[in-house]
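The values are calculated or read from the model by the stated rules, or taken from the named source; none is laboratory data. Treat the numbers as computed from the prediction; the structure is a model and nothing was measured. Calculation scope for accessible area: heavy atoms of the full protein, side chains included, ligands and nucleic acids excluded. Shrake-Rupley method; radii C 1.70, N 1.55, O 1.52, S 1.80 Å.
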Amino acid sequence: MIEVSREGSYALLIWRMPRVNVLSPESVTAFQEALESVLTDSQVRGIVITSANPEFLAGADIRYVQQLVERQSIEEIYQNSWRVQEVFLRVETGGKPVVAAIGGSALGGGYELALACHHRIAWNASDIEIGLPETTLGLMPGAGGTQRLPRKIGVAPALQLILEGRRLRPAEAHAYGLVEELVGQREDLIPRALQWLSQTSSFLGNPWNAPDYRIEQGHPQSEEGRRIFTAAIAKLRERTYGNYPGLEYALRAVYEGLQVPFVEGLRIESSYFARTLATREARAMVRTLFIERQRLLSLPHRPAQVPPASFQKVVILGAGMMGSAIAYVCAQAGYATWVKDTSPQALEKARNFSENLLQREVQRGRLSPQKAQGIQQRLSYTTEYQPLAGADLVIEAVFEDRAVKTQVYAEILPYLSPQGVLASNTSTLPITSLAEAAGVPDRFIGLHFFSPAERMPLLEIILGKHTSQQTLAWALDFSVKIGKVPVVVRDSRGFFTSRVFGTYVREGLRMLMEGVPPALIENLGRQAGMPVGPLALADEVSLSLMYSILRQTERDLGVSLAEDPVASVGELFVEKLGRSGRKAGKGFYEYPPEGKKYLWSELNRYFPSRPIDPALYPELRDRFLYVQVAEALRALKEGILLDARDGDVASILGWGFPPFTGGVFSMIEWVGEEQFRMRMNYLKMRYGDRFDAS
Ligand code: NAD
């Protein structure tokens, strides 16, 4: 697991675990033994810690963390963290200079090991990530990160990095002071590390190891410190509304730990780490955001007998907002990608979109100029069909209009390769009906991307009634290749994601009609844990889109949906007032050309507000989440999902359902089953059958 080798009077400790380098009880023991062997060897004058794997050290083994959160007591978790702290302290105070030679990602516990060294050199490669992202999984650093980082780079930047869980590319990590040096080639790492050791004649340890060390700038009891912490608390509160205990514990660990000697600080960190892991939020987040997400990436729904997809040429029809971003993602994954639109202007915009994005990525050090050029060269734009011949995968992203879509299917079909797959990015039109219109129902599938497609991690894959096993398998292979987490669902109106998340917007519209002040609606939505308020969301998706889908549904099904709040609010806002959302520059919000958006001041004329007793706020917040859970349960019962666990991942990655709950189904466990049922029954009694979860 850990190899020890010698270079003259220096020792190399090389991490080489079979799959991926992670911190687990076994690997920590192996590392400790290797470390002791070189610390006690009088011939060894200095140590390099490095890795033979692509990653330096990826952090804690999350499967082991899951065992901790599911089964262990706070005391046991504390002991566990403390054991790692002791080993890292030996690195730091063992009496020999230690340098971390970082040739791959160093995250969480991996970076914390590097922090315990006396010097850090990283390979400046654009796909390496460095940082402490634990809080994004509902955890917090527990191997010295909250104590060493602020002492090393300063309290304010350390708090920012820890609380945002940011992963930095080497150049950025260097600018923040997370690593002292960068090298251009991986091969240069070890020679440079050895050179550093050879120049380090007198060994002093890290500054905070001195008994009289006291942090100078940003001490919590200093004026500057008080300012930093007050701002950090306020910012955290504004961002999370107290929904993430792990973040608050991390903040406390820094605050308290900086006021005591360093080793005491480590103890404080371990105790908050244990408390964090014991929360239901940590349990829910680890399970969904890591374990279940990994499960989906292993493609549990892929038909095993189908050989892997061998797509070479991908065609995107429609160079609008979605099409341009999807094309970018495909080219990035290595596909020769063609973008087709009827409008040359749209193509020009799409080209600019990818060029700007690439430029930004290069500037931020996330992409090498060579890779950026490669991506650009794989993208081609055309108004003609001819160059599209032999397409292995066509993703249609033209206007959400059945007639337009049907027409482009007829036009593209002759250019599709004999086994080629035709996919639609429609967000609402049933896939089976589009597949039939296209005339290749077995080779047709829904590939529903989320906006902005270059960033959103989920791909909702929708099976039509006649979609073949081969088409499904290849769609799944494609999803992994482009780096998206696939969730397979059966066909229905709004599929899974749009259907469930639409209920959140609708609940907001209902509250507006009930006279709840709009600012309160928005704040309560965010307090409930949703990323944006429902009215802001309605403006983003556009009320006009929701309204036209509603009308289309009425026509398709021959029913009246007048009860739906989108019907009445849509009629007023879209038809009468022409305020259809952000794209139109006006909706529930005003969008001044410069400056921030704000709620339209005339809303009160159409929806007179009444005072709301603050005692009712929890109920309003619950309505936002419970209405989604009830809809998700109905979808599950109807067989839209292949597995409830898929829905948890889809809800968080797809539309930002509060991660701290573990997702739209896990929320039931997070609340407690009994309590959840009682609350849902109450809401049903008071507000109607949309809260029926039976
Ligand atoms: P858009 O209006 O930005 O782009 C549509 C593009 O299609 C335009 O550039 C238009 O010129 C082009 N087009 C129209 N007819 C064409 C034809 N016959 N041949 C080639 N190109 C043609 O729309 P969008 O927001 O990118 O949405 C596209 C599709 O993606 C829709 O089906 C929509 O429902 C779906 N979708 C949208 C979102 C979203 O957030 N906007 C999310 C998921 C899915």
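Roughly how far apart, in whole Å, are the Cα centres of the range 663-682 and the range 211-261? Answer, in whole Å: 34.
Backbone phi angles across the range 593-601, fed through the Karplus curve with coefficients 6.51, -1.76 and 1.60 (θ = phi - 60°), yield HN-Hα couplings of x, 10, x, 7, 5, 8, 4, 4, 6 Hz in residue order; Gly and Pro are listed as x.
Which shape class applies to the range 203-294: rounded if a/c is under 1.5, otherwise prolate when a/b exceeds b/c and oblate if not, where a ≥ b ≥ c are the square roots of the Cα gyration tensor eigenvalues? Oblate shape, in that a/c is at least 1.5 and b/c is the bigger or equal ratio. Computed over protein heavy atoms with a 1.4 Å probe, the accessible surface of the range 339-476 works out to 44 Å² per residue. Around the amide H of Glu396, modelled in the peptide plane, lie the amide H atoms of Leu317, Ala423, Ser424, Asn425, all under 5 Å away and 5 or more residues distant in sequence or on another chain. Karplus-derived 3J(HN,Hα) values for the range 81-98, using 6.51 cos²θ - 1.76 cosθ + 1.60 with θ = phi - 60°, are 5, 5, 4, 5, 4, 5, 5, 5, 5, 5, 4, 6, 10, x, x, 10, x, 10 Hz; glycine and proline are entered as x. Share of carbon and sulfur in the accessible area of the chain stands at 51%, probe radius 1.4 Å. Across the chain, the mean sequence separation of Cα contacts (distance under 8 Å, 6 or more residues apart), normalised by length, yields a relative contact order of 9 percent. Across His301, His119, the residue with the most accessible area heads the list, and the full order at a 1.4 Å probe is His301, His119.
Adding -39500 (n - 2.57) for every DSSP H run of four residues or longer, then dividing by how many residues the chain holds, sets the calculated 222 nm ellipticity at -15000 deg cm²/dmol.
Accessible surface of Lys349, taken over heavy atoms with a 1.4 Å probe and every protein chain present, rounds to 150 Å². Backbone amide hydrogens, once placed in the peptide plane, bring Phe665 within less than 5 Å of Asp648, excluding anything fewer than 5 places away on its chain. Under the criterion of Cα pairs below 8 Å and six or more residues apart, the relative contact order for the range 272-405 equals 30 percent.
Couplings 3J(HN,Hα) for the range 323-332, derived from phi with the Karplus relation 6.51 cos²θ - 1.76 cosθ + 1.60 (θ = phi - 60°), are x, 5, 6, 5, 4, 4, 4, 5, 5, 4 Hz, where x marks Gly and Pro. Entry comment: accessible area of the range 487-626 is 44 Å² per residue, from protein heavy atoms only and a probe of 1.4 Å. Per residue, the accessible area of the range 2-278 comes to 41 Å², computed with a 1.4 Å probe over protein heavy atoms only.
Cross-link partners of Lys340 among lysines, defined as those whose alpha carbon lies under 26 angstrom from its own and excluding same-chain residues fewer than eight positions apart: Lys313, Lys349, Lys371, Lys405, Lys481, Lys484, Lys583.
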